[in-house]
Amino acid sequence: MKFNTRELVTMAVFGSLWGVVEIGLGSLFHVLDIPMSGTLMAAIGLSIALTGRIFLPRKGSTFFTGVIASILKLFSIGSVVIAPMIGILSEALIAELVLTLFRRPTRPAVLAAGGMGVLYTLLHPFITNPILYGRGIFVIWLDLLDRGARLFGLDSGVWLPIVLGLAGVHLILGILAGWIAWGVGSALRTRFAGSHLMMQNSYKQ
Amino acid sequence: MKKISTLLLVIAVLLGACSQAPPEGSSVPESGAAASVLTVKGGDLEKTYSVEDLQALEAAQAEFKGVTYTGVQLSSLLRDAGFDPAQIQAVKAVASDGFTANYEPELANKADTIVAYATVDGGLTAEDGAFRMVLPGQEGRLNVRQLVEIQVIQ
């Protein structure tokens, strides 16, 4: 996969946008202790990356957008950035893999990529916390159940409805992100059709 | 325009659904109503402690964010309540507003993991409540304030 300068600049624009939103809104959500802030940030970030994919339908462009966003995340002030950086990279990689499976960034592909990318945030602590903070899987599981229990007003002992509920909310948010990306990306493509900003060879994979 | 309105409505409903709801059937008091009793429970065992009860146990000190707290080691408290610290799988600290933090056995059994009831300079602040967890060097969310319950998972 080789990108020309115009494609690299396009990816840099969308990656920077994702990165700036992560730094600004992500930090604000963190300070305000907004519930599910990581999930919301993943949905917003993926909607930007997927918009970029529709605008620049090249294999690998979504992942590279995530790489740029995660590098920008390094510039977050006063917060831990390693876990969010891994999160951004993983979300972008999963979205990229789903889009690759569908071959073309069609509407179902974009919705699935958003859904799977955001769903990953549910698993993210199980991967990063043991490595970065030495936390045990069982304790991370308890944290997940507590979070779901508070969110849905359930007892943390009823694990199945909590897990299904959390997975459902994550999937819906991800699909919403894909839906927004499809709408905005399509509008951008129409707006810039024929412009020098658009690739001549659309859907080149 | 219609599409955007529908989208915003869906987002608003989802965000509303994501708002923090108190656990159903929870007996924990509302935030602000400082509970002066700490319950330690797990399985069939349950014991409640007042500040005076904790003061009767061996005192320990730990520092967090430049404040030195006085309290009892969590492992000592668990032993006093009838639990074997070597047999626990996890410990959950519950705040008065339902917030929770879970600890691995290694963390719960650390000598400087304490349940504080005072600072070296005097009592705890109103924000801390009657009891709070103090885990030096750990992230803020593990240092639960307004502590009302400790659950032992065996």
Descending packing, highest mean Cβ count within 10 Å first, for B:136-142, B:66-72, B:90-96, A:51-57 is A:51-57, B:90-96, B:66-72, B:136-142
Taking N as the number of residues in segment A:1-56, the ratio of its alpha carbon radius of gyration to 2.2 N^0.38 Å works out to 1.31
Which whole-angstrom value gives the distance between the alpha carbon centres of segment A:27-90 and segment A:126-147?
21 Å
If you take the beta carbon distance between A:Phe126 and B:Ala56 as r and set R0 to 45 Å, what does 1/(1 + (r/R0)^6) give as a FRET efficiency, to the nearest 0.05?
0.65
Between A:Ala12 and B:Gln87, what is the spin-label point distance in nm, taking each point 7 Å from the Cα along the Cα→C-beta axis?
6.4 nm
Can you tell me the 0 to 90 degree angle between the C-alpha axis of helix A:137-152 and the longest principal axis of chain A, rounded to 10?
80 degrees
Could you sort the peptides B:53-60, B:115-122 by per-residue average Cβ neighbour count (10 Å cutoff), highest mean leading?
B:115-122, B:53-60
What do you get for the angle between helix A:5-32 and the principal long axis of chain A? Use alpha-carbon atoms, 0 to 90 degrees, nearest ten.
30 degrees
Whole number please: convex hull volume per residue, Cα atoms of the protein assembly as shown, in Å³.
144 Å³
GluC sites (Glu not before Pro) lying in DSSP loop within segment A:19-104, provided at most 15 other Cβ fall within 10 Å:
none
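Readers should treat all values here as calculations from the given coordinates under stated rules, not as data from a laboratory. None of these values were measured; they are calculated from a predicted model. Methodologically, a virtual Cβ is constructed for each residue, glycine included, from the backbone with ideal geometry; neighbour enumeration extends over all protein chains shown.
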